[in-house]
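Participant: Would you mind keeping the following structure in view while I ask a few things?
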Amino acid sequence: MNNLTSLAKLIRYYILMATAEAGSGHVTSSLSAVELMTVLFFGGIFKTNLENSADPRNDRLIFSKGHASPLFYALYAAAGQLTLAELKTLRQIDSPLEGHPTPRFKFTEAATGSLGQGLGIGLGMALQARYLASHQFKTYVLLGDSEMSEGSIWEAVQLAAHYQLNNLIGIIDGNRLGQRGETLHGHDLGKLEKQLQAFNWATISVDGHDLTEIEAAFRQAHQVKDQPVMIIARTIKGKGVSFLEDQPDWHGKALRSEQLQQAVTELGEVDLSLMGEVELPQSQAAEADLAKTAQAAATQAAATDLTKLFDVIIQPVDGKLATRKAYGNALAKLGLKFPELVVLDAEVSNSTYAEVFQQLFPARFFEMYIAEQNMISTAVGLAQRGQIPFVSTFAAFLTRAFDQIRLAAYSQANLKIAGSHAGVSIGEDGSSQMGLEDIAMMRAVQGSVVLYPSDAVSTEKLMEKMAVHQGISYIRLTRADTPLLYDNQTTFEIGGCHELRKSGDDVITILAAGITLHEALKAYDLLQAEGISVRVIDLYSIKPLPTKELVQATVDTPAILTVEDHYPAGGMGEAVASFLAEKQIFHPIHSLAVTKMPRSGRPEQLLAEAAIDATAIVAQVKLMLKQELI
């Protein structure tokens, strides 16, 4: 049996030494949770194969309070996975031990540090274990008492109870002090307990520094049926160092040399040769991952009933089908091909048409209700466990989850996002429902892909590219039914485009996507009738751009016009202009975009009001000709 008292002392020593060497780091926030994590790791509770962090049987540990990373790394040092010398590289540029955990450190499940997200990520992992996998691992999430004020925490709390995830165990480090003073509840943790119980969580209150109490709490948590569990621990910030204990103004501050010496002296003798043992997962079936086998079997069963697939697929009417409807069709077809694919939707599946997938694969569909932030975090948790999550809601509502999306990029999550009802073309619902910032938002995410199909065929083709692409990708969907432009033999690529109208006499290249591509094609016909030739390109890949084709357009035509149902800032026009500037191609370019505050109205009225319809395109082309811009 591990000597937990000695291990706790060693872990405190590691925290002090690593942060002192770094000259920064969250010492006191790490010290308060030492006993909690020592018991979890070395008390026979947490079961993991340290030699294979990808083992699907491993329990999962997420530090939602990511600023306690010195404790996180110290645990693995005490388990023999890091040396003291490696610990002392904390926060150095070439070290995987970053100020907040990222996947650069191999035992990190997902990037954390922006508070309020770890419980949602853990929820995704717990969903995978309970509903999709054969390996019934447990997920533990260490939470700070300050972050319990985050709304996204309570989104995760209610969903975990809804899905009865007794394999999700949260641990609140209730140390009373936040960054600038006392937390909302301080040490009155009974208030948090009542709130959690009201959400149907099982709660266990403990002295967070009593090893025996803590161990009993974890054992009790394992006996709970059909409820998630929250261990609420009363702790002391800076515990173990007298001049730090329960003192304000120490958040994020490392000790100076003389203070370090005093702290180490107070710890007493530390056994640096001590190494804790972490219990291995229980032996299960020989297959590396029975979850995939089970999913493949379920998929095969669905595939044998082709009638059911044909029953749920939405057919075009009069040669028209909205890209949001094609999204649902694509999900259903991809579900047959990719057994790991799961779908999450924020209670709008009858508008995003994610319900098409749900009808065919109900066990792989998760309703996230009106909780977009938690939906993204949950999807990250699922992705980190090998699923391929597609998440969908209105493009406008994704903006509230931008923090979760950007942190997903730091987690290197394989996440697929669909934003429907984009732009003023949605019509009468009005400005609050119009996604007009989403392209800018998603372009800003490091490593992201941004796609904007214009018909049902391109939607399905691009969805398949998203499914196999590794990383964050976004597809922008239109509410209205639009004509089919392509046949099923047409190919689409991330970073591609299609020239739909072209001649040797083209005076302008019009770049458009989604609803404005159809307006551009109407404008082409009107201009042709007047003897004016323009090139029309479907710029369906906004990030990355089709660079070769854009350069060629500047060679072939004297000017470029971009047209988009989006605000100018960060949209397609800026993307193209930025690319040309980077290439030092100084070519006349003009952009039509939504520059007025939108309102309710019929789609055709709103496109005209925003000056992005066919009439406005024709007028702009003529203006450019008149002003001799080409």
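The values are calculated or read from the model by the stated rules, or taken from the named source; none is laboratory data. Not measured: the values here are computed from a predicted model. Ideal geometry is used to build each Cβ from the backbone, glycine not excepted, and the neighbour counts take in all protein chains shown.
Participant: Name the one entry in 253, 239 that is more than 20 Å from residue 37 (Cβ to Cβ), within 39 Å of the chain's Cα centre (by Cα) and surrounded by 16 or more Cβ atoms within 10 Å (Cβ to Cβ).
Facilitator: Only one candidate passes the filter, namely 253.
Participant: How about region 222-241: which of its residues are in contact with a strand residue (DSSP E or B) (Cβ under 8 Å, 6 or more places away or on another chain) and either part of a strand (DSSP E or B) or at positive phi (or both)?
Facilitator: Residues satisfying the conditions are 229, 230, 231, 232, 233, 234.
Participant: Of the residues 530, 549, which single one is in contact with an Asp or Glu (Cβ under 9 Å, 6 or more places away or on another chain) and surrounded by fewer than 24 Cβ atoms within 10 Å (Cβ to Cβ)?
Facilitator: Numbers: 530 fails: in contact with an Asp or Glu (Cβ under 9 Å, 6 or more places away or on another chain).
Every option except 549 fails the conditions.
Participant: Next question, about the same structure. If we scan region 32-51, do we find a residue that is free of Cβ contacts under 8 Å to residues at least 40 places away in the same chain and in the same structural domain as residue 263 (by TED's automatic domain parsing)?
Facilitator: yes
Participant: Taking the stated definitions as given, is residue 507 under 21 Å from residue 558 (Cβ atoms), surrounded by fewer than 24 Cβ atoms within 10 Å (Cβ to Cβ) and of a type in the set (Val, Ile, Thr)?
Facilitator: yes
Participant: Please find, within region 81-95, the residue that is surrounded by the fewest Cβ atoms within 10 Å (Cβ to Cβ) out of those that are part of a helix (DSSP H, G or I) and among the hydrophobic types (A, V, I, L, M, F, W, C).
Facilitator: So, considering only residues that are part of a helix (DSSP H, G or I) and among the hydrophobic types (A, V, I, L, M, F, W, C), the one surrounded by the fewest Cβ atoms within 10 Å (Cβ to Cβ) is 85.
Participant: Collect the residues in region 60-80 that are touching a helix residue (DSSP H, G or I) at 6+ places or on another chain (Cβ under 9 Å) and part of a loop (DSSP other than H, G, I, E, B), keeping them in residue-number order.
Facilitator: 64, 65, 79
Participant: Another question about this same structure. Every residue in region 20-55 that is more than 15 Å from residue 69 (Cβ to Cβ), of a type in the set (Val, Ile, Thr) and part of a helix (DSSP H, G or I), please.
Facilitator: Selection gives 38, 39.
Participant: Same structure, new question: Taking residue 516 as meeting all but one of (1) in contact with a Cys (Cβ under 6 Å, 6 or more places away or on another chain); (2) under 30 Å from residue 394 (Cβ atoms), write down the number of the exception.
Facilitator: If we test residue 516 against (1) in contact with a Cys (Cβ under 6 Å, 6 or more places away or on another chain); (2) under 30 Å from residue 394 (Cβ atoms), just (1) comes out false.
Participant: Would you point out the residue of region 96-155, among those that are among the hydroxyl-bearing types (Ser, Thr, Tyr) and part of a loop (DSSP other than H, G, I, E, B), that is modelled with the lowest pLDDT?
Facilitator: 134
Participant: Could I ask something else about it? What do you reckon, is residue 323 at pLDDT below 95 and in the same structural domain as residue 394 (by TED's automatic domain parsing)?
Facilitator: No; evaluated as a whole, the condition is false for this residue.
Participant: On the given criteria, is residue 77 closer than 22 Å to residue 273 by Cβ and in contact (Cβ under 8 Å) with a residue 24 or more places away in the chain?
Facilitator: Taking the combined requirement at face value, the residue satisfies it.
Participant: Now, a different point. Among the residues of region 219-255, which ones are of a type in the set (S, T, N, Q) and within 30 Å of residue 47 (Cβ to Cβ)?
Facilitator: If we filter region 219-255 for residues that are of a type in the set (S, T, N, Q), which is where we start, we get 220, 223, 227, 235, 242, 247.
Result: 220, 223, 227, 235.
Participant: Does region 26-50 hold any residues that are surrounded by 24 or more Cβ atoms within 10 Å (Cβ to Cβ) and of a type outside the set (Ser, Thr, Tyr), and which are they?
Facilitator: Our first condition is that a residue be surrounded by 24 or more Cβ atoms within 10 Å (Cβ to Cβ); within region 26-50, this holds for 26-42.
Matches in region 26-50: 26, 27, 31, 33, 34, 35, 36, 37, 39, 40, 41, 42.
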